[in-house]
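For reference, the structure is listed below as structure tokens.
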Amino acid sequence: VRPDYKRSDREKFSFPNPVPFFSLPSRWDSEAQAKVNKQDPNPKFLEQVKALFPNAEEDKIVVMCSDGRQRSIQVLMMLDEEGYVNIAGLKGGFNMWDATFDPKVRRRNVGLAKEVYTHDADSCGIHASGAGFQMVDKIESVDRKDYVDWEDWEEAVAKKSA
């Protein structure tokens, strides 16, 4: 359900059968002195999904957006209403996928340091870098939330066709 610009911008590999739910063209607003995104719903979204996945009882669909929240939930609810039974949302969306796997789908070294608390009689039992807990256990957390306030698809399509 990711827009075309997001798929081409960051993904080094392609997922089969991407169907954008919204497009998000950007333009410069001289009054606001900022880049403004305009949400544009794909009115044929459901038709395109049904064409790709005609068998609602057997086809398996994984839905993902940037962070696995707003758009994925809308799509999962919509597909459930249409009778699809083998549907799943990718927890954390593409942002978490990208943080966890590289373009060849190998798990990335996510850098989560662990202390090993075992004692085999040859040391004091704590094996560490010697930097202390405040340095070893510090994990830089990256915010992977999509802060776009996405519109409701059905309302946006109705507004667009009016």
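The values are calculated or read from the model by the stated rules, or taken from the named source; none is laboratory data. All figures in this text were calculated on a predicted structure; none of them were measured in a lab. Neighbour counts are summed over all protein chains in view; Cβ atoms, including those assigned to glycine, are modelled from backbone coordinates with ideal geometry. What goes into the accessible areas is simple: the full protein's heavy atoms, side chains included, and nothing from ligands, DNA or RNA. Shrake-Rupley method; radii C 1.70, N 1.55, O 1.52, S 1.80 Å.
May I ask you to list the residues in the range 44-69 that are more than 24 Å from residue 160 (Cα to Cα), of a type in the set (Gly, Ala, Ser) and either within 22 Å of the chain's Cα centre (by Cα) or open to solvent by 70 Å² or more (accessible area, probe 1.4 Å) (or both)?
68
Of all residues in the range 70-101, which are touching a residue at least 60 places away in the same chain (Cβ under 8 Å), open to solvent by less than 50 Å² (accessible area, probe 1.4 Å) and not small (Gly, Ala, Ser)?
71, 74, 75, 78, 94, 98
Quick one: would you say residue 93 is at positive phi and among the small types (Gly, Ala, Ser)? Spell out the reasoning first.
On the way: at positive phi: yes; among the small types (Gly, Ala, Ser): yes.
In short, yes.
What residue, among those in the range 24-43 that are touching a residue at least 24 places away in the same chain (Cβ under 8 Å) and assigned to a strand (DSSP E or B), is surrounded by the most Cβ atoms within 10 Å (Cβ to Cβ)?
Only one residue tops the list, namely 41.
Going by what's in this entry, would residue 104 be described as open to solvent by 90 Å² or more (accessible area, probe 1.4 Å), under 23 Å from residue 149 (Cβ atoms) and assigned to a loop (DSSP other than H, G, I, E, B)?
Here the answer is no, as residue 104 does not meet what is asked.
Hey, residue 48 hits all of (1) part of a helix (DSSP H, G or I); (2) touching a strand residue (DSSP E or B) at 6+ places or on another chain (Cβ under 6 Å) but one; which does it fall short on?
(2)
Report, by residue number, each residue of the range 1-37 that is within 23 Å of residue 76 (Cα to Cα) and modelled with pLDDT of 80 or more.
Correct list: 18, 19, 20, 21, 22, 23, 24.
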